[in-house]
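Trainee: Here's a structure for you.
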Amino acid sequence: GVIVFLSARAFASWRLRRELRRTRDTDPRIVTIVQREASRWGIRRAVACRETTAVDAPALFGLWRPQLLFPPAFATHLTDDELRLVVRHELAHWRRRDLLAQCLMQAAVALHWFNPLAWLAARLARTDCELACDEFVLRREAPDGSSAYGHALLKVLSVVRVRRRPAGVVAILEGKQQLAHRVR
């Protein structure tokens, strides 16, 4: 079970990396916002921005060299303020080291593949990561910023279609039910 699980994860990660080699740089507007937000929140490592069809919603990938992944033409649907909130959410994942935490959770699931509680714990940990990043964004916004952030999340949901996310990424949207819980 461990070998099958780890092999499936390794293959999915390899496939995503191969797909990312064929990507192009994203909209300069996003790059500017990412650079501004990264420097504002003390993220010293350069964060690459890529457009790819491998993701349906903005996502963060890469334990050592972070890459923000965006669906093609994503920026055309959002205002600068909405993009700033989305980017801040994704950078919060990097700052909090959520990718490393998810990697450790996946290792636990691999070792306990037979235990449904391990799978449940991993799912709840992903949800907690998203809620913590939401709180990171909201803590740094003006008091009326919570409604703007909620609208930005809903707009992202209306722009993208949510299907299964690739292995090894943390994404702003996991699903419609989880988003409803987060907005509440």
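The values are calculated or read from the model by the stated rules, or taken from the named source; none is laboratory data. Quick caveat: nothing in here was measured; it's all calculated off a predicted structure. Ideal geometry is used to build each Cβ from the backbone, glycine not excepted, and the neighbour counts take in all protein chains shown. The area values use the complete protein model at the heavy-atom level, side chains included, leaving out ligands, DNA and RNA. Shrake-Rupley method; radii C 1.70, N 1.55, O 1.52, S 1.80 Å.
Trainee: With axes computed from alpha carbons, what is the tilt in degrees of helix 98-111 against the longest principal axis of the chain, rounded to the nearest 10 within 0 to 90?
Mentor: 20
Trainee: Hey, another quick one. Find the relative contact order for the chain and round it to a whole percent, using C-alpha pairs within less than 8 Å whose residues are 6+ positions apart.
Mentor: 27
Trainee: For ARG18 and CYS103, compute 0.36 nm times the residue count separating them, minus their Cα-Cα distance, and round to one decimal in nm.
Mentor: 28.6 nm
Trainee: Moving on. How high is the relative contact order of the range 1-96, in percent, with contacts defined as C-alpha pairs under 8 Å that are six or more residues apart?
Mentor: For the range 1-96, the relative contact order is 27 percent.
Trainee: Tally up the carbon and sulfur contribution to the accessible surface of the range 56-154 as a whole percent, 1.4 Å probe, everything protein left in place.
Mentor: 64
Trainee: With Rg/Rh (Cα atoms, Kirkwood Rh) defined as stated, name the option among (1) 1.55; (2) 0.95; (3) 1.28 computed from the structure displayed.
Mentor: The listed entry that was calculated here is (2).
Trainee: Please list, by residue number, every one of the chymotrypsin sites (Phe, Trp or Tyr not before Pro) in the range 1-103 that is coil in DSSP and has at most 16 other beta-carbon atoms within 10 Å.
Mentor: TRP41, TRP64
Trainee: Additional query: Can you give the accessible area per residue of the chain, in Å², using a 1.4 Å probe?
Mentor: Value for the chain: 56 Å² per residue.
Trainee: With both partners inside the chain, how many of the DSSP beta bridges are antiparallel, as a percent to the nearest 5?
Mentor: Here the antiparallel bridges make up roughly 65 percent for the chain.
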